[in-house]
1. Quick one: would you say ARG102 is closer than 23 Å to SER46 by Cβ and loosely packed, with under 11 Cβ neighbours inside 10 Å?
2. Kindly state which strands (runs of 3 or more DSSP E) lie completely within segment 116-162 and contain at least 3 residues that are over 15 Å from THR62 (Cβ atoms).
3. Give the residue that is nearest to VAL161 (Cα to Cα), with candidates limited to residues of segment 54-108 that are part of a loop (DSSP other than H, G, I, E, B) and touching a residue at least 40 places away in the same chain (Cβ under 8 Å).
Amino acid sequence: MSAASHSTTASTDPREVQPRRHKPALSSKIINAPFQSDEFFGRQPSTTRTLPDPAPLLENLTRCVIEILAGARELEQISRWVSDEVYRHLLKRVVLSARARRARNQPVARPNFAISSTQFSEPGDGVVEAVVIVRGRARTRAVAIRLEGLDNRWRATAINVL
């Protein structure tokens, strides 16, 4: 039988075509998705029960933030406890505060204040949202802080001084 006669006798009916059967691939031949380093080396969320009591950190962060904005403390001192976004936000506030002090010819002075109360809630596992009331000579302020458990420690992902 010639090649030409073979092509005319072959059936093109899809019902008669047998599906190809593939041999299972060897595990060494399987192509996996590209390695995602963040899955292994990125920040890992932590549960509330594996984290320490957040109250001391909330009060200490509040003290530090008030002193940083007053110019009595360096922002870098709390960099390991805040997210990059919070750091950038505080850096802007520090620059504005320093500019305002220079415009009024005010020297840098350690602020005199006391923490009045701390209230916090846990809206989710590994998340704490708090308000810390700070009383100074001239006025009372509220500092809102959101802590998230990352890598088995608390990290501030939002800080706002009101």
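Since every read-out is calculated from the coordinates, none of them should be taken as a lab result. Computed from a predicted model, the values in this text were never measured in an experiment. When we count neighbours, we look across all protein chains shown, and the Cβ atoms used for this are built from the backbone with ideal geometry, even at glycine.
1. So ARG102 fails the test.
2. Ranges flagged: 140-150, 153-161.
3. This residue is SER83.
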